[in-house]
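In what follows, a single structure is set out as structure tokens and then discussed.
The values are calculated or read from the model by the stated rules, or taken from the named source; none is laboratory data. Bear in mind the structure is a predicted one, so any value in this text is a computation, not a measurement. Quick reminder, even Gly has a Cβ in these numbers, built from the backbone with ideal geometry, and neighbours come from all protein chains shown. These area figures cover heavy atoms from the full protein model, side chains too; ligands, DNA and RNA do not enter into them. Shrake-Rupley method; radii C 1.70, N 1.55, O 1.52, S 1.80 Å.
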Amino acid sequence: MRLTFSVQVLLTLLSFVSSLLVAVVAGALSHEAGAPVAGAVLYGGSAFIGWMTLCVTVLTALGLLGHQSHPGE
């Protein structure tokens, strides 16, 4: 199934927004657990990168992102 470019952009934006949410929650929980602000920001940043990587990897593996060449097309 090949999606249009605008749908792929929307999926990427959805991944970005969900990654922001995960990063904010992870940073806030880290700060509540006693980490300093700088440590909480780093923790949130690493959670953002991890979640975004997972989202893009899964969407690409499902064939929803990127151009996949099929023989005969």
Thr60: passes all of (1) open to solvent by 80 Å² or more (accessible area, probe 1.4 Å); (2) free of Cβ contacts under 8 Å to residues at least 12 places away in the same chain but (1)
Determine the pairs where a residue that is assigned to a loop (DSSP other than H, G, I, E, B), located within region 34-47, has a partner that is open to solvent by 70 Å² or more (accessible area, probe 1.4 Å) with Cβ atoms under 9 Å apart, the partner being 6 or more residues away or on another chain.
Ala35/Leu42; Ala35/Tyr43
Considering region 35-57 alone, what residues qualify as being more than 20 Å from Gln8 (Cβ to Cβ), within 13 Å of the chain's Cα centre (by Cα) and surrounded by 13 or more Cβ atoms within 10 Å (Cβ to Cβ)?
Gly44, Gly45, Ser46, Ala47, Phe48, Gly50
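For Leu3, are the conditions met, namely being surrounded by 12 or more Cβ atoms within 10 Å (Cβ to Cβ), touching a helix residue (DSSP H, G or I) at 6+ places or on another chain (Cβ under 6 Å) and outside any helix (DSSP H, G or I)?
Working: surrounded by 12 or more Cβ atoms within 10 Å (Cβ to Cβ): yes; touching a helix residue (DSSP H, G or I) at 6+ places or on another chain (Cβ under 6 Å): no; outside any helix (DSSP H, G or I): yes.
Here the answer is no, as Leu3 does not meet what is asked.
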